[in-house]
Amino acid sequence: MRHPVVNKQDTRHESFENLALPMMDELYGYALRMSKNPTDAEDLVQETYLRAYRFFDSFEIGTNFRAWIFRILHNNFIDVFKRKKREDASVELESNSPDVAHKSQNPAISNMRTLQLDYTEIFDDAITRALDKLPTDYRLVVLLSDVNGLKYKEIANIIRRPIGTVMSRLSRARKMLAKSLKPSAREYGILRNTRVRQTL
């Protein structure tokens with residue numbers, strides 16, 4: 001009796017689809033919050049899927065695919081971020097133009113209330129503005145930890161930094177967010193005392 005022929009390429013393709021496709025919305029959300037631009041976010045996700053499929057043979061089935069593909073997305077963003085910084089340095093920008101300032105605003109975050117901090121009662125636009133004020137390195141760890149729910153070890157593997165660095169950046173980022181959100185908390189009646197609650 002002849003056994004059915006198994007096409008290894010088809011098996012590889014199906015395995016990748018089963019793991020990667022359910023994560024598309026989550027990856028896009030992270031890319032959007034990093035890039036602050038829907039078109040750039042789509043490009044980042046597309047490039048991430050292309051690279052992930054290209055190097056899927058290096059992924060060990062049964063290990064953490066989520067952390068693996070997030071690392072690829074993170075690396076793609078860093079590459080684009082560095083390239084844009086070089087381009088910006090060589091081009092004169094009309095930074096004082098009202099039109100440019102308007103276009104640079106961050107798009108609304110639809111599901112930022114998934115933050116595991118005590119920010120859930122504050123309007124999304126206040127959170128968006130607070131996140132925008134964070135240095136890039138700090139914003140990334142907040143998104144990975146408090147929005148995407150990754151563990152310290154997973155974040156450390158993604159950004160290629162020690163766990164202690166991840167914890168330190170996250171702690172500082174949360175303190176900076178608390179400071180930025182303090183006026184909004186008072187405005188919305190969440191914070192009635194002169195001091196911010198320790199959970200903020």
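The numbered conditions (1) surrounded by 18 or more Cβ atoms within 10 Å (Cβ to Cβ); (2) hydroxyl-bearing (Ser, Thr, Tyr); (3) modelled with pLDDT under 90 are all true for residue 49 except (3). Within region 62-104, the set of residues being modelled with pLDDT under 65 and either touching a helix residue (DSSP H, G or I) at 6+ places or on another chain (Cβ under 6 Å) or among the basic types (Lys, Arg) (or both) comprises 85, 86, 94, 103. For residue 180, the test of being over 22 Å from residue 26 (Cα atoms), assigned to a helix (DSSP H, G or I), among the small types (Gly, Ala, Ser) and at pLDDT 60 or above is passed. May I ask you to verify whether residue 150 is hydrophobic (A, V, I, L, M, F, W, C) and in a loop (DSSP other than H, G, I, E, B)? Criteria met by residue 150. Touching a helix residue (DSSP H, G or I) at 6+ places or on another chain (Cβ under 8 Å) and more than 19 Å from residue 153 (Cα to Cα): does that describe residue 51? Taking the combined requirement at face value, the residue satisfies it.
The values are calculated or read from the model by the stated rules, or taken from the named source; none is laboratory data. Note that the structure is predicted; figures quoted are calculated from it, not measured. Here Cβ is always computed from backbone atoms with ideal geometry, including for glycine, and neighbour counts include all displayed protein chains.
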